[in-house]
């Protein structure tokens, strides 16, 4: 018995070490991406930066769909194969990679040969949006930034199309390495090599361009090439790493059917997740206007912190959970689930409590108007704390092989979000959208938690969380409760007040002008006050 407990503790400590490494890699990648955004926005005009971000974001969104979640599927089956030592890893690779490669090459060819058509759809609107957002002058007929609208978009699309299969397959191969229980390829390749190389190459293009050594023509294709090129060494190194560990063997009949029966629901779930992550902003803009959408976007910008922590821990814990559940070792699965939940709570709860308390000051960084989104920030903080306390419930459910149940939970969460948004956003604006998003997140975490609790006895609360942390959290909880009560009572009034102020903004300048013309002394006295 003592030996079993020692083995469980050893496995849990290894998962925690890998989780910390995953967090470090994710943090470094996020910092490099932030610096890349800063470099592009500082080095180039708003229209060029806007086109670059639109193209790269669109490329990543399409790549996420085209991958069909094959990376996580490989992680699942490789982890199971290493646990029961039955082999078949080569067959799983052959079942997963060719369909994804074929689809990505097809998309690449379509975009490459029709780049001029795709490139002509968005440039003018992107140019207007960039001018309006960055220069805050929607009514002025400002000239187009240097280069003219749409310059280089078609060529940049061809560059991204040529690199698209590499971008798709790089993530699939890196995810497959985690199936062996290794975090080093993910941390080094996905957290260091790729983002740091992208930053260095984009910065080099900017310095080269402004140093006078660049050839004639638009800069956008060069930026796209600098951004896409690092995926090639990532794919090559990940493929070589797998090649040294996977023995070539005859293909096992039925492997593809088994693989895609498990992965297909996750493929659909991944596509729905993309919608779920961006749906609320679209709904707010459509039902409450761009001002409320801007406030909501600013107030929810910080949720990436919780997602970053969850991503790093999930990458480390998922292979161990798969192996433990595949072999029926529920003691290890329960210990890993509890420990990662404790770590997630310890890392994120202080951040969310501080964000709720300091929201007006933090949001004021975006501008005076955005400080009114403090009520949205309180809802965000409370929801992310609940999600952290649930642990990686959906990850554990997928690790158990129940991908259809995971898809059902994602669909239910999306439906709840849409229903609450449609009911509340027209009257409450950003605050209503926050409530809708919160309801969806609670459903998305509660449903898988109930299933793994009932089926496998996986509980997020152990002695450490229920006992040790309960001694240190009462004061923080009481502070959050006071903030939440104030937000609940003042939230609708704050939204109404903000809406009235926003509606008055368009007439304030003309009213001030009339007062200044009719009564200069009153204006002077008001300014002195």
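Which of the following residues is at pLDDT below 90 and surrounded by fewer than 17 Cβ atoms within 10 Å (Cβ to Cβ): 191, 217, 181? Reasoning before the result, please.
Working: 191 fails: surrounded by fewer than 17 Cβ atoms within 10 Å (Cβ to Cβ); 181 fails: surrounded by fewer than 17 Cβ atoms within 10 Å (Cβ to Cβ).
On inspection, the qualifying residue turns out to be 217.
Of the residues making up region 156-211, those that are under 27 Å from residue 320 (Cβ atoms), part of a loop (DSSP other than H, G, I, E, B) and more than 21 Å from the chain's Cα centre (by Cα) number 4. Just one residue in the set 197, 224, 240 is crowded, with 20+ Cβ neighbours inside 10 Å and over 21 Å from residue 76 (Cβ atoms); that residue is 224. Within region 296-314, work out how many residues are under 14 Å from the mean Cα position of the chain (by Cα) and in a helix (DSSP H, G or I). The qualifying residues number 12. Within region 212-244, the set of residues being in contact with a helix residue (DSSP H, G or I) (Cβ under 8 Å, 6 or more places away or on another chain), in a helix (DSSP H, G or I) and more than 17 Å from residue 169 (Cα to Cα) comprises 220, 221, 222, 223, 224, 225, 226.
Looking at 360, 350, which is the one that is farther than 22 Å from residue 72 by Cα, in a helix (DSSP H, G or I), free of Cβ contacts under 8 Å to residues at least 24 places away in the same chain and not assigned by TED's automatic domain parsing to the domain that holds residue 177?
Values: 350 fails: free of Cβ contacts under 8 Å to residues at least 24 places away in the same chain.
Answer to the check: 360.
Among the criteria (1) assigned to a helix (DSSP H, G or I); (2) touching a helix residue (DSSP H, G or I) at 6+ places or on another chain (Cβ under 7 Å); (3) under 30 Å from residue 322 (Cβ atoms), the one residue 450 does not fulfil is (2).
The values are calculated or read from the model by the stated rules, or taken from the named source; none is laboratory data. Worth saying up front: this structure is predicted, and the values here are computed from it rather than measured. Positions of Cβ are generated from backbone atoms using ideal geometry, with glycine treated the same way; all protein chains shown enter the neighbour counts.
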